[in-house]
1. So is ARG329 among the basic types (Lys, Arg), modelled with pLDDT under 75, more than 26 Å from the chain's Cα centre (by Cα) and closer than 30 Å to SER85 by Cα or not?
2. Does the range 171-194 contain at least one residue that is at pLDDT below 85 and open to solvent by less than 10 Å² (accessible area, probe 1.4 Å)?
3. One residue is enough: does the range 48-67 have a residue meeting the conditions surrounded by 15 or more Cβ atoms within 10 Å (Cβ to Cβ), within 29 Å of GLN127 (Cα to Cα), at pLDDT 90 or above and among the hydrophobic types (A, V, I, L, M, F, W, C)?
4. Here are some residues: THR258, THR253. Which one is open to solvent by less than 40 Å² (accessible area, probe 1.4 Å) and modelled with pLDDT under 90?
5. Just give me the residues in the range 207-220 being surrounded by 14 or more Cβ atoms within 10 Å (Cβ to Cβ) and among the acidic types (Asp, Glu), in sequence order.
6. It is to be established whether one or more residues within the range 143-150 are farther than 30 Å from CYS94 by Cβ and without any contact (Cβ under 8 Å) to a residue 60 or more places away in the chain.
7. VAL246 passes all but one of (1) in contact with a Phe, Trp or Tyr (Cβ under 9 Å, 6 or more places away or on another chain); (2) open to solvent by less than 40 Å² (accessible area, probe 1.4 Å); which number fails?
8. Take LYS150 and tell me if it is surrounded by fewer than 15 Cβ atoms within 10 Å (Cβ to Cβ), modelled with pLDDT of 85 or more and more than 30 Å from ARG225 (Cα to Cα).
Amino acid sequence: MEPLVERTRLARTISHAQDELKSFRTYLRWMCVDQSNIWMGCLSWFMFTVFGLLVPLVSHFMLACSTCDATHTRPYDWVVQLSLSSVSALSFVCLTRFLKKHGLRRFLFLDKLCDESETVRKQYTVQLNRSLKIVSFFVLPCFIAETAYKVWWYASGASQIPFLGIVWLSDTVACVMELCSWLYRTTVFFLVCVLFRLICNLQVLRLHDFAKVFNVDSDVGSVLREHLRIRRQLRIISHRYRAFIVWCLILVTFSQFTSLLITTKSNSRLNIYKAGELALCSITLLTGLCILLRSATKITHKAQSVTSLASKWHVCATLDSFDEGETPRTPAIHDQQVLPHVGANGESEGDDPGEEDDELDNCKLIPAHAYSTISYHKRQALVTYFEKNQGGITVYGIALDRSTLHTIFGIELSFVLWILGKTI
């Protein structure tokens, strides 16, 4: 009986065709990354091989155009093709592994929404429906620019390889295949980044909902259990995405340093025709990396804000117990000083409410009824727990917070200055 229960607990969540993931499944099928059965899996790997590997390879070696004029040469094409293919291969392999191992519902934590409040469920559903629009928001502008460049390049007569017997037909087919390859690789990369952003936003919503326990008469045990549940999901997200984040950082860094190295050589002749596609590739990769790092930093900052909120809750409770005569209060010199009038919410008169204030990070006092039944020692133990277990997104034990981003920026800047010193 026990193995049967264990297999049932670990089984993938069964979904139906008309649930909230219908648009997601349709999108994955159109992107040919759906591997729900063996036929779809074969089609998915075939499309990745064609558009992710073969088309860029054939395009680079057959359309190198060494005899073209200075406007139509593509000296940086190998960096563009290698960069896009490497990040798309990484994204495709990771997305395939996620969906095959966990399924779409478990991967997006939709099977856990039944334990959340109505507010979290509604807001997460809204963000779930917006996620595909966000992918289009990032991909479409770059695709329009890429299309304009490719159409100009082929229409101006740069390619003269009539592999279909007719020059204009050969150019049309080659242009369409290159655009499809670019769109496929870029969309797969942004899809994985936006899914990470979506999962992190779910944890942000949960932390905002969790912050409300400090405004009501809650039990310390229930608060601790809820925080442990949130930390467990953050640990799961970190474990799933840590390899993707590290390799994405390495590949994007290598691509940018290579671009910087070859464009700052003494014999380089930069113009919009030669380096425009390289600049577009750099913008695409850096945007995806920024989505990852910003999402990780945001959820880590929110998770660490719980410690500040719990400390403020403990201080307000302690001051209130002193006022009630629990402990004798000795007047101090600073009590006689004239202080500005402070309202019940902890704000001085004339202060405008901050636009960034939320349940986790604000300057308002905790109401007295929120801690009426909790003793000092229980509150102190809970605050100590929060200080030692701040949580957040980690990569092999390293928290992705703002200090980590500052360290990464310092290392990258050092490499950039070193390359510029060698080339200039």
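1. Working: among the basic types (Lys, Arg): yes; modelled with pLDDT under 75: yes; more than 26 Å from the chain's Cα centre (by Cα): yes; closer than 30 Å to SER85 by Cα: no.
Taking the combined requirement at face value, the residue does not satisfy it.
2. Within the range 171-194, none of the residues are at pLDDT below 85 and open to solvent by less than 10 Å² (accessible area, probe 1.4 Å).
3. Checked against the condition, which is being surrounded by 15 or more Cβ atoms within 10 Å (Cβ to Cβ), within 29 Å of GLN127 (Cα to Cα), at pLDDT 90 or above and among the hydrophobic types (A, V, I, L, M, F, W, C), the range 48-67 yields at least one hit.
4. Values: THR253 fails: modelled with pLDDT under 90.
One residue alone meets the criteria, THR258.
5. The answer is ASP209, and nothing else.
6. Initial filter on the range 143-150 (farther than 30 Å from CYS94 by Cβ): 148.
Still in the running and without any contact (Cβ under 8 Å) to a residue 60 or more places away in the chain: 148.
Yes, because at least one residue in the range 143-150 is farther than 30 Å from CYS94 by Cβ and without any contact (Cβ under 8 Å) to a residue 60 or more places away in the chain.
7. That leaves (2) as the condition not met.
8. Values: surrounded by fewer than 15 Cβ atoms within 10 Å (Cβ to Cβ): no; modelled with pLDDT of 85 or more: yes; more than 30 Å from ARG225 (Cα to Cα): yes.
For LYS150, the condition - surrounded by fewer than 15 Cβ atoms within 10 Å (Cβ to Cβ), modelled with pLDDT of 85 or more and more than 30 Å from ARG225 (Cα to Cα) - is not met.
The values are calculated or read from the model by the stated rules, or taken from the named source; none is laboratory data. Because the structure is predicted, anything quoted here is derived from the model rather than measured. Every residue, glycine among them, receives a Cβ derived from its backbone with ideal geometry; neighbour counts consider all protein chains shown. Heavy atoms of the whole protein, side chains included, go into the accessibility calculation; ligands, DNA and RNA do not. Shrake-Rupley method; radii C 1.70, N 1.55, O 1.52, S 1.80 Å.
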